[in-house]
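Reviewing the structure listed below.
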Amino acid sequence: MGTLLEKIWIDEQLETLPLWQQTAYRSFSSMIADDENMYPCIPAKYGFLSNNLRFSFVGDPREESSIKELADALREYRKCSRHTGKYSSLAVFFETPEDMLKDHDVENYRELFWSVLNKVTTFDEKEWPDYIPTDPSNNKWEFCFNGEPYFIFCATPAHKIRKSRYFPSLFMAFQPRWVFEEMNDSTAYGRKMKKVIRRRLVNYDGIPGHPDLKWYGQEDNFEWKQYFLSDDNSSPSKCPFMRMKNKLSGLLK
């Protein structure tokens with residue numbers, strides 16, 4: 001089994017995968033392609049049904065070996081992402097042991113999420129792209145790996161109020177920034193899609209959208225806040241991502 005998998009392959013080989021992987025994929029499939037057409041992110045649904053997505057199964061997110069697996073998956077994904085379709089994304093399922101399911105609340109998962117990003121960036125062998133700021137407080141900042149900027153979506157087993165951010169195991173989706181070239185505030189398609197998605201999001205969650213959900217590049221927008229949303233309307237005051245410090249620490253070892 002390779003680092004990246006396609007929907008077509010998984011559908012054919014699902015029964016041969018470890019049980020936790022079968023469970024994660026079936027949960028994802030039933031959520032994103034539900035019969036009632038409720039899932040709010042329409043592009044993600046299109047991407048899934050049209051085989052634009054690529055999948056990776058990664059071990060316990062607290063283990064260094066799992067971080068290396070994620071780094072390998074991101075490197076492989078960059079090589080193929082532009083050839084998979086305009087709704088391309090990398091969906092990553094993490095093995096989530098019982099102790100995490102039992103003891104972790106939303107804030108624990110938030111810390112774990114940023115720990116994963118901080119650790120995986122130490123395996124990044126390429127320089128940060130010149131056109132993306134390195135300071136998360138800049139409204140043009142985006143997480144980058146292997147020279148590619150990504151929007152990241154995280155869902156956890158601890159989210160209960162925001163159904164759209166719930167998943168039975170730790171889940172992350174990495175969407176290349178170029179996917180949003182036609183879906184932004186400067187295009188009629190983007191503005192229309194945003195209205196549709198936000199309306200569906202409110203219906204899906206049963207509560208108003210989080211106040212941190214804004215357009216990339218908007219003056220008061222911070223992408224890192226959208227990666228991991230609180231179950232309520234609260235928002236962290238400072239981004240936990242520390243790539244430059246991590247890189248310096250690595251050089252000093």
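The values are calculated or read from the model by the stated rules, or taken from the named source; none is laboratory data. It should be emphasised that the depicted structure is a prediction, and the values quoted were computed from it without experimental measurement. Because the Cβ atoms are built from the backbone with ideal geometry, glycine has one as well, and the counts that use them run over all protein chains shown. Note: accessible area is taken over every heavy atom of the protein model, side chains too, but ligands, DNA and RNA are not part of it. Shrake-Rupley method; radii C 1.70, N 1.55, O 1.52, S 1.80 Å.
Partners of LYS126 within straight-line reach, counting aspartates and glutamates whose Cα lies under 12 Å from its Cα and excluding those fewer than 8 residues away in the same chain: GLU148. Rolling a 1.4 Å probe over the protein heavy atoms leaves GLU36 with an accessible area of roughly 150 Å². Qualifying GluC sites (Glu not before Pro) in the range 107-174, where qualification requires a DSSP coil assignment and no more than 14 other C-beta atoms within 10 Å, comprise GLU125, GLU127. Packing, as the average of other Cβ atoms within 10 Å across residues, places the peptides 54-65, 129-140 in the order 54-65, 129-140, highest first. When a/c is below 1.5 the answer is rounded, else prolate if a/b is larger than b/c, else oblate, so apply that to the range 86-223 with a ≥ b ≥ c taken from the square roots of the Cα gyration tensor eigenvalues. In terms of gyration-tensor shape, oblate. Taking the DSSP beta bridges with both ends in the range 1-156, the antiparallel portion is around 45 percent.
Gain on full extension, evaluated as 0.36 nm per residue between LYS79 and ASP99 minus their Cα-Cα distance, stands at 3.6 nm. Within the set of other residues whose C-beta is less than 11 Å from the C-beta of CYS239, count the net charge using Lys and Arg as +1 and Asp and Glu as -1. With Lys, Arg at +1 and Asp, Glu at -1, the net is +1. Rounded to 0.05, the FRET efficiency of the GLU111 and LEU17 pair, given R0 = 25 Å and the Cβ-Cβ distance, is 0.30. Quick one: grab the alpha carbon gyration tensor of the range 1-102, order the square roots of its eigenvalues as a ≥ b ≥ c, and give me rounded if a/c is under 1.5, else prolate or oblate depending on whether a/b is larger than b/c. It is oblate, given that a/c is not under 1.5 and a/b is not larger than b/c.
For the peptides 197-209, 19-31, the ranking by mean Cβ contacts within 10 Å, running from highest to lowest, is 19-31, 197-209.
Excluding same-chain neighbours fewer than eight residues apart, the lysines reachable from LYS160 by a Cα-Cα span under 23 Å are LYS45, LYS102, LYS214, LYS225.
In this structure the chain gives 50 Å² per residue of accessible area when probed at 1.4 Å with all protein chains present.
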